[in-house]
Each structure stands twice: as C-alpha cells, then as structure tokens.
1. Enumerate the whole-percent occupancy of each 10 Å bin, from 0 to the last occupied one, for all C-alpha pair distances of the chain.
2. Exposed loop sites here are GluC sites (Glu not before Pro) in DSSP loop states with at most 11 other C-beta atoms within 10 Å. What is the longest stretch of the chain lacking them?
3. Among Trp132, Trp163, Trp97, which comes first, second and so on when ranked by fewest other beta-carbon atoms within 10 Å?
4. A 25 angstrom limit on the alpha carbon distance is what I want to check against. Which of Lys15/Lys129; Lys129/Lys151; Lys73/Lys123 exceed it?
5. R0 = 30 Å: FRET efficiency of Asp143 with Leu63, Cβ-based, nearest 0.05?
6. Among Leu84, Leu92, what is the fewest-to-most ranking by other Cβ atoms within 10 Å?
7. Run the reach check for Lys122 against aspartates and glutamates, Cα to Cα strictly under 17 Å, same-chain hits fewer than 8 apart removed. What comes back?
8. Explain nothing, just the number: relative contact order of the chain, from Cα pairs under 8 Å at least 6 residues apart, as a whole percent.
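Just so you know, all these numbers are worked out from the coordinates, no wet-lab data involved. It should be emphasised that the depicted structure is a prediction, and the values quoted were computed from it without experimental measurement. When we count neighbours, we look across all protein chains shown, and the Cβ atoms used for this are built from the backbone with ideal geometry, even at glycine.
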Amino acid sequence: MGSNIILIGFMGTGKSTVGKHLARILEWEFIDTDLEVEATTGMSIPEIFRRHGETRFRSEEALVVQRLLEREKTVIATGGGTILNRENRMILDRMGWVISLYAPIATVLERVGSKNDRPLLKKSMEEIKLLWQSRQPQYNQADYVVDTTDKGIEEVGEEILEWVRRQSHAELV
Ligand code: S3P
C-alpha cells in the first residue's frame, strides 16, 4: 500500500479544507480531484455538467484518479461521488489510507448553504437527502470514519493523524 491519505465523503463534509490542513502539517502534497478535473478540462464543474452532463464529468474524474496511481506522500481530497466508481475505489484503496469524513445531512445542508457551485445539490431537499442516504454504505467502507459534526478543522485533522500514526508504516507520519 502506498503512503497517501485519501479523503472521501459527501459534499460539505470538509474534505478539501481538512485535506489542505493535513498536507500542511505533514509537509505532503495536496491534490483535490475536483480542481484537477477543472484544470484538465479548462471548465468549471458546473460548466462541465451544464454543457456535457454528469457522465462526461465522471469520465474526466476517472482519468484524474488513474493519473494519481504513482503518487506518494500526498493528501487527496476526492469529490463526493469519486468512490462510487469501482475502478476509482480500487485505485484509491491501493494508494493508501482511505478516510471518510462524516456529517449528518442537516450539517451538510448548513455547510453548503446557498453556495450554488455543486450541480448535484440543485435538487429538492428530499432528493438531496436520498442521495446522502444512498451513499452512506460506500463511505462507511473506508479504513476509518471521522464524525466531523461540531468539530473544527484542527480537531478533525488531529483525529485522522492519531489514527494514521496507530497504523503500521506509522513512521511515515
Ligand atoms: C460531487 C461532489 C463534488 C463534485 C461534483 C459531484 C458528488 O465535489 O465532485 O459536483 O457527486 O458528490 P465535493 O464533494 O468536493 O463537493
């Protein structure tokens, strides 16, 4: 297994913020798969969804994940749907510790608030709840799940690092 930390979880659980924080502490690199998709396509995520649809976004996302395979000492913040793809999941599992950031739906909705940069949240509350619910089993298959409710970035980061240090290969951290 590689020495990377991979953050998964629903939109609004703090993957990018916590990921950047961890990378700074560890002096590792940080990669956000959403930003990579935007960089490689030259389009924003809403634009990709609008012009080409979710299927195109998912294939660009899968290409980004495939290019990550050789990485070491990198904290990777995935998009909320990245691990739903079996191949992405297999690659990420091989790359290192997969940590799931959990937040209940009410907290997610509070955090994402009125931001409209996530195409999949432009739906009814009921549909968002169903999406959140349907994905929980996949997020729960992570190596470790952190409940981020009422926790700050530093607290979440520390909990992850403590867990990672307890694992084998802990000398890396
Ligand atoms: C998505 C989550 C988004 C982004 C895209 C689709 C999803 O990333 O990849 O809008 O399917 O949950 P964040 O989880 O970083 O918001």
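1. Percent of Cα pairs in each bin: 10, 40, 38, 12, 1.
2. Working: sites that count: Glu27, Glu70.
Counting at most 11 other Cβ atoms within 10 Å as exposed, the longest clean stretch of the chain is 71-173.
3. Values: Trp132 19, Trp163 16, Trp97 22.
With the sparsest Cβ surroundings first, the list reads Trp163, Trp132, Trp97.
4. On the way: Lys15/Lys129 19 Å; Lys129/Lys151 22 Å; Lys73/Lys123 37 Å.
Those over the limit are Lys73/Lys123.
5. Details: r = 25 Å, r/R0 = 0.82.
Computed FRET efficiency for Asp143 and Leu63: 0.75.
6. On the way: Leu84 15, Leu92 26.
The fewest-first ordering by Cβ neighbours comes to Leu84, Leu92.
7. Leaving aside aspartates and glutamates fewer than 8 places away in the same chain, those within reach of Lys122 are Glu47, Glu54, Glu110.
8. Relative contact order here is 34 percent.
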